[in-house]
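Written out below as structure tokens is the structure these notes cover.
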Amino acid sequence: SRVEIDLIDDTLRISDDGCGIADFSVLLAMAKSGWSEEVRDLEGPYGIGFISALFAAREVRIISHGRQLHEHTATLRQLRPVDVVEV
């Protein structure tokens, strides 16, 4: 119900009060949302939003469910393994 978008210097921060991301691997999967079947049927939540960020930014940081992925986009584009750490 709430999305905040802030631009501070050269950092774009997007935060929301959604349910979070349980499986970070869905971020790098085309046309895979990670949403329940009910939400998929109602909203069709598929797209390439996060993948677009891999070509528009030098690095990304995602924090959800007490875990963080912080990596250079070049590494993510090469599909190399990355660490997800507790925060």
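The values are calculated or read from the model by the stated rules, or taken from the named source; none is laboratory data. Computed from a prediction, not measured in an experiment: that's the story for all the values here. Virtual Cβ from ideal backbone geometry, glycine too; neighbours counted across all protein chains shown. Side chains are part of the model used for accessible areas, which takes the heavy atoms of the whole protein and leaves out ligands, DNA and RNA. Shrake-Rupley method; radii C 1.70, N 1.55, O 1.52, S 1.80 Å.
The table below gives the values:
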quantity: Contacts under 8 angstrom Cβ, first residue in the stretch 47-75 being on the phi > 0 side of the Ramachandran plot, partner in a strand (DSSP E or B) and open to solvent by 70 Å² or more (accessible area, probe 1.4 Å), 6 or more apart; calculated: Gly66/Glu86
quantity: Single residue of the stretch 1-33 satisfying the filter (modelled with pLDDT of 85 or more and open to solvent by less than 70 Å² (accessible area, probe 1.4 Å)) that is nearest to Asp83 (Cα to Cα); calculated: Phe24
quantity: Output for the stretch 61-81, where each listed residue is under 13 Å from the mean Cα position of the chain (by Cα), open to solvent by 100 Å² or more (accessible area, probe 1.4 Å) and more than 19 Å from Thr11 (Cα to Cα); calculated: His65
